[in-house]
Amino acid sequence: MKKENKNILDELLWRGLINQTTDEKELKKRLEKPIVLYCGFDVTADSFHVGHLLPIVTLKRFAQYNHQAISLLGNGTSLIGDPSGKNTERQLNSEEKVNKWSIALNKQLEQLFAEEITNKKAIILKNKDWLEKLTMLSFIREIGKYFSVGYMMAKESVKTRLETGISFTEFSYMLLQAYDFFWLNKNYNCELQIGGSDQWGNLTAGIDLIAKKSNKVAYGITVPLLLKSDGTKFGKTEGGAIWLDSQKTSPYQFYQFFINTDDKDVIKLLKQLTFLSQLEINELEKITQKNPEQRQAQKTLAEELTKFIHGEKALRKVQKITKALFSNDFKSLNANEIKEALSDVPSYIISNKKELNIIDLLTEAGISSSKRQAKEDVLNRAISLNGKTISDINYLVTKKDCLIENILIFKRGKKNHFLIYWQ
């Protein structure tokens, strides 16, 4: 990756990746030499989602700038639950479930940081490895004595929960995360923690603990939340979160999500989520301003992130599917590609029939709202079958019309696809 800036802090500022930082002047000076840093990830699901991309990419960016990056899976702290950004108490998950999720997240991190791990610029740790060795008495004596109740209650993550209620379990979370930073500082010489904007209180607690207990200087950076220009969270759809696991969100769905990025958001996302150079992003910004209809910035964003998360082979497959759908060339796709492309469209099963009139089929499958509407749709050439326009209201659909594995693809209008299975 070509780097326009020698100091990564300048790069982060240009990309809009800094929400808050402790002692920016001193930190910038310290970052002139390699530093060990970490970012913690809650273990609350079996996959990361798009909302995790910003801290993951930022951590990877540090490694590319010759710093040592630690991804810390909170399989210990996730048994407690972080109150940050939550209005109510989290439901505690079982240790068995957290351990299972931890294995899945570890695998994803190994893939995302494969090059950096090979080059010894990144490692993955789990905080349960040291937290479960703590005894209650030693923790209270050795760690708890450094934090007053007033100090903890002044933190935003605790303060906002006082009205709705916070248990001792979640109240203690801050100390455990502070201990993580202290432990990593002691055992890995880790001097910097990065995290989401809601982690500022936990992060500074760790810095204070290191200063009081070890008399050392540590630093913190929070990255902003991934938001759209209208202030809503980026990465959420009507169907839920966009996951990084291909079994939960297919590479095609992932690619399409970023293709549909608003012009107002795309340049910001290119800066924050890709490893393209400033020169490349500035050029894409000019193209977007001059010819927004080309959607070149969106295509580049979708390609870069699909390749990063799912690999080059998956990207080529997604591009093949996209091209086939655009040109109505469904015969070039195999059954799995068709199902992946149309996994979220309405489907219908035809059973025990040799043939079916087009009007009856459109009505039964819910493609058209009524027989009258179906006739209008056909006569207006708004219906296509496997990419071919149907204009005859007496057309009989048979199994011979099916694509591979008895699949029929109907389209009403320009965008509404329907998947029919003929049994």
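The modelled label-to-label distance for the pair Gln247/Asn394, using points 7 Å beyond Cα in the direction of Cβ, is 5.2 nm. Farthest towards the positive end of the charge dipole of the stretch 174-330, among the residues Ile287, Asn185, Ile259, is the Cα of Asn185, using unit charges on the Cβ of Lys, Arg, Asp and Glu. Potential lengthening of the chain between Lys320 and Ser351 amounts to 8.0 nm, from the contour at 0.36 nm per residue minus the alpha-carbon distance.
Using per-residue counts of other Cβ atoms within 10 Å, averaged over each peptide, order 122-134, 190-202, 24-36 from highest down. Can you show the working numbers first?
Details: 122-134: 16.9, 190-202: 22.5, 24-36: 14.2.
Those peptides, ordered most packed to least, come out 190-202, 122-134, 24-36.
Quick check on my link table: of Lys33/Lys313; Lys128/Lys233; Lys228/Lys388; Lys248/Lys307, which ones sit more than 27 Å apart, alpha carbon to alpha carbon? All intermediate terms of the calculation are to be shown ahead of the outcome.
Numbers: Lys33/Lys313 37 Å; Lys128/Lys233 30 Å; Lys228/Lys388 38 Å; Lys248/Lys307 17 Å.
Correct reply: Lys33/Lys313; Lys128/Lys233; Lys228/Lys388.
Could you work out [θ]222 nm for the chain from helices alone, using -39500 (n - 2.57) per DSSP H run of at least four and dividing by all its residues? Round to the nearest 500 deg cm²/dmol. Before the final figure, lay out each step's value.
Numbers: 20 runs with 191 residues, N = 423.
It lands at -13000 deg cm²/dmol.
Magnitude of the charge dipole for the chain, about its Cα centre and with charges confined to Cβ atoms of Lys, Arg (+1) and Asp, Glu (-1), is about 560 debye. Of the beta bridges in the chain, as assigned by DSSP with both residues counted there, near 45 percent are antiparallel. Please list, by residue number, everything in the stretch 293-313 whose backbone N is under 20 Å from a paramagnetic label point 7 Å out along Cα→Cβ of Asn334. Of the residues in the stretch 293-313, 310-313 have backbone N under 20 Å from the label point off Asn334. For the chain, the equivalent ellipsoid derived from the alpha-carbon gyration tensor has semi-axes of 50, 25, 18 Å in decreasing order. Pairs to check: Lys299/Lys414; Lys121/Lys145; Lys120/Lys268. Give those whose C-alpha atoms are more than 28 Å from each other in this structure. The answer is Lys121/Lys145; Lys120/Lys268. Here the extension length gained between Glu405 and Ser277 equals 41.6 nm, from 0.36 nm per residue of separation less the Cα-Cα distance. Here r is the Cβ-Cβ distance between Ser214 and Asp10 and R0 is 22 Å; the resulting FRET efficiency, rounded to 0.05, is 0.15. For the stretch 128-152, backbone nitrogen atoms closer than 20 Å to the point 7 Å from Asn99 Cα along Cα-to-C-beta are found at 128-135. In this simple spin-label approximation, Ser369 and Thr160 carry label points 7 Å from Cα along the Cα→Cβ vector, and these lie 4.2 nm apart.
Grab the beta carbon distance between Trp130 and Asn291, set R0 = 56 Å, and tell me the FRET efficiency rounded to 0.05.
Plugging the Cβ-Cβ distance into 1/(1 + (r/R0)^6) gives 0.55.
No lab work stands behind these numbers, since they all come straight from the coordinates. Given the structure is predicted, the values throughout are model-derived calculations rather than measurements. Neighbour counts are summed over all protein chains in view; Cβ atoms, including those assigned to glycine, are modelled from backbone coordinates with ideal geometry.
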